[in-house]
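Asker: Here's a structure for you.
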Amino acid sequence: MLKKVNHIGIAVKSIEEAKRFYETLGLKVEGEEVVEEQKVRVAFIQVGETRIELLEATSTESPVAKFVEKRGEGIHHIAFEVEDIEKALELLKKKGVRLIDEKPRRGAHNTKIAFIHPKSTNGVLVELCQEG
Ligand code: CMX
């Protein structure tokens, strides 16, 4: 069902400030985009087969703003890529996994995404994503 780790989401106060570290490592920060519905600005850093996704809140009401306020900057979620997200959600639901999203929503860069409740994942926010 899972193809690979698509990306690791890191909540930051400022993408502008955070990207300096990755650029120091010789990596390229690209694909900046606002996901309006989720009140976040994202930027991607490709590292081999996977990516780091920097997440910055676009409003104080953003879940990312609340996360940073409560826990500080840091790892926010891990995203697994799946072939067919609807099928994956159906299967997880059948197996009793608690979902935040029963139906996929739009993610950054034309992806379909859905979150699994951290109660079912040992406290880690897990995202499923389907490209294209
Ligand atoms: N890590 C661990 N636990 C988390 C968490 C995180 N990052 N975010 C939320 N939780 C916990 C909450 O503490 C809460 O726990 P309790 O039920 O025990 O109180 C539970 O998960 C549900 O959280 P919530 O905020 O009450 O639930 P919502 O349905 O309002 O929102 C979520 C959940 C995950 C969608 C939202 O918090 C969030 O993070 N949204 C931003 C998503 C995001 O990163 N979007 C960009 C994606 C771009 C892309 O990848 O393509």
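Asker: Would you mind checking the tilt of helix 85-94 against the longest principal axis of the Cα atoms of the chain, expressed as 0 to 90 degrees and rounded to 10?
Answerer: 60
Asker: Amide H neighbours of residue 100 under 5 Å, at least 5 residues apart or on other chains, H built in the peptide plane: list them.
Answerer: The list, which skips near neighbours in sequence, is 115, 116, 117.
Asker: While we're looking at this one, here's another question. Compactness ratio of region 2-130: Cα Rg over 2.2 N^0.38 Å, N = residue count? Show your work: numbers first, answer last.
Answerer: On the way: Rg = 14.5 Å, N = 129, 2.2 N^0.38 = 13.9 Å.
The value comes to 1.04.
Asker: Rounded to the nearest 20 debye, what is the charge dipole size of the chain about its Cα centre when +1 sits on each Lys and Arg Cβ and -1 on each Asp and Glu Cβ?
Answerer: Values: 22 positive and 23 negative charges, 118 e Å.
The calculation lands at about 560 debye.
Asker: Can you work out the Karplus-derived ³J(HN,Hα) for every residue in region 36-50? Use 6.51 cos²θ - 1.76 cosθ + 1.60 with θ = phi - 60°, whole Hz, and x for glycine or proline.
Answerer: 4, 4, 9, 6, 9, 9, 10, 9, 10, 10, 7, 10, x, 7, 10
Asker: Here's a follow-up. So, in Å, what gap is there between the alpha-carbon centers of region 5-60 and region 74-109?
Answerer: 20
Asker: Under 25 Å between alpha carbons, and skipping anything fewer than 8 positions from residue 95 in its own chain: which lysines qualify?
Answerer: Hits, sequence-local ones excluded: 3, 4, 87, 103, 112, 119.
Asker: If you don't mind, another one. For residue 40, enumerate residues with amide H under 5 Å from its amide H, sequence gap 5+ or separate chain, H modeled in the peptide plane.
Answerer: Amide H to amide H, under 5 Å and 5 or more residues apart or across chains, residue 40 pairs with 35, 58.
Asker: Running Debye on region 77-132 with equal point scatterers at the Cα sites and no solvent, what base-10 log of I(q)/I(0) appears at q = 0.24 Å⁻¹?
Answerer: At q = 0.24 Å⁻¹ the computed log10 ratios are -0.90.
Asker: In the chain, which longest range has no trypsin sites (Lys or Arg not before Pro) that are both DSSP loop (not H, G, I, E or B) and surrounded by at most 13 other Cβ atoms within 10 Å? Let's see the in-between values first.
Answerer: Values: sites that count: 28, 95, 98.
With a cap of 13 other Cβ atoms within 10 Å, the longest stretch comes to 29-94.
Asker: Under the definition of Cα pairs under 8 Å and six or more residues apart, what whole-number percent is the relative contact order of region 1-93? It would help to have the intermediate numbers written out before the result.
Answerer: Numbers: 164 pairs, mean separation 36.7, N = 93.
Once normalised by length, the contact order is 39 percent.
Asker: Further question on the same structure: Between the helical axis of 15-24 and the dominant principal axis of the chain, each derived from Cα atoms, what acute angle in degrees is found, rounded to the nearest 10?
Answerer: 80
Asker: With a 1.4 Å probe and every protein chain kept in, tell me what percent of the accessible surface of the chain is carbon plus sulfur. Intermediate values should be presented prior to the final figure.
Answerer: On the way: 4030 of 7770 Å².
In the chain, the share of accessible area belonging to carbon and sulfur is 52 percent.
Asker: Using only the Cα atoms of region 1-54, what semi-axes does the equivalent ellipsoid have when each is the square root of 5 times a gyration tensor eigenvalue? Give whole Å, largest first.
Answerer: Numbers: eigenvalues 66, 57, 14 Å².
With the √(5λ) rule applied to region 1-54, the semi-axes are 18, 17, 8 Å.
The values are calculated or read from the model by the stated rules, or taken from the named source; none is laboratory data. Nothing here was measured: the structure is a model prediction, and the numbers come from that model. Neighbour counts run over all protein chains shown; Cβ positions are idealised from the backbone, glycine included. Just so you know, the surface numbers come from the protein's heavy atoms only, side chains and all, with ligands and any DNA or RNA stripped out. Shrake-Rupley method; radii C 1.70, N 1.55, O 1.52, S 1.80 Å.
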